[in-house]
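Every number here is computed from the coordinates shown, using simple stated rules; none is lab data. Everything numeric here is computed off the predicted structure, so don't read it as measured data. Every residue, glycine among them, receives a Cβ derived from its backbone with ideal geometry; neighbour counts consider all protein chains shown.
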Amino acid sequence: MAKTPAQRKKEQRERDKLTKEEREALLLSRRIVTDLYHNTDNALKRTMARTGIEEEQDVISRLIHGSDRLSDKQLLALIRLM
C-alpha cells in the first residue's frame, strides 16, 4: 500500500537525524568503482552539460533507471547489439 505524505515526511525526518554513514548503510546496495577512458569521460561530461545535471552519480543513476524502462528491443538498439 502506498505511503501517505505524512508517513513519507516522518521517515524523511528520521533519516535526517542519522549520520551520513548510517544513511548510506540503509540506502546503499553496493558501491561500483569504474575507470573511465578519456572518450567515455568526455561523453559523460557532455551528457551532464546537456542535461544540466552537475553530479556524475546523479546522471549515471538516471541513465540506469531510464534504460531499465526500455523494452528489450530498445535496450539492445541503444547499446548497439542488434
Degrees, to the nearest 10: 38-51 long Cα axis against longest axis of the chain: 60
Local electrostatic count, LEU44, Cβ distance below 13 Å [Lys/Arg +1, Asp/Glu -1]: -2
Three-way shape label, the range 41-82, alpha-carbon gyration tensor, a/c 1.5: prolate
From the coordinates shown, Rg and Dmax of the Cα atoms in Å corresponds to which of (i) 17.3, 49; (ii) 21.4, 66; (iii) 19.8, 66: (i)
FRET efficiency for LEU28 and GLU56, using Cβ-Cβ distance with R0 set to 22 Å, rounded to 0.05: 0.85
Residues THR40 and LEU70, FRET efficiency given R0 of 25 Å [Cβ-Cβ distance, rounded to 0.05]: 0.75
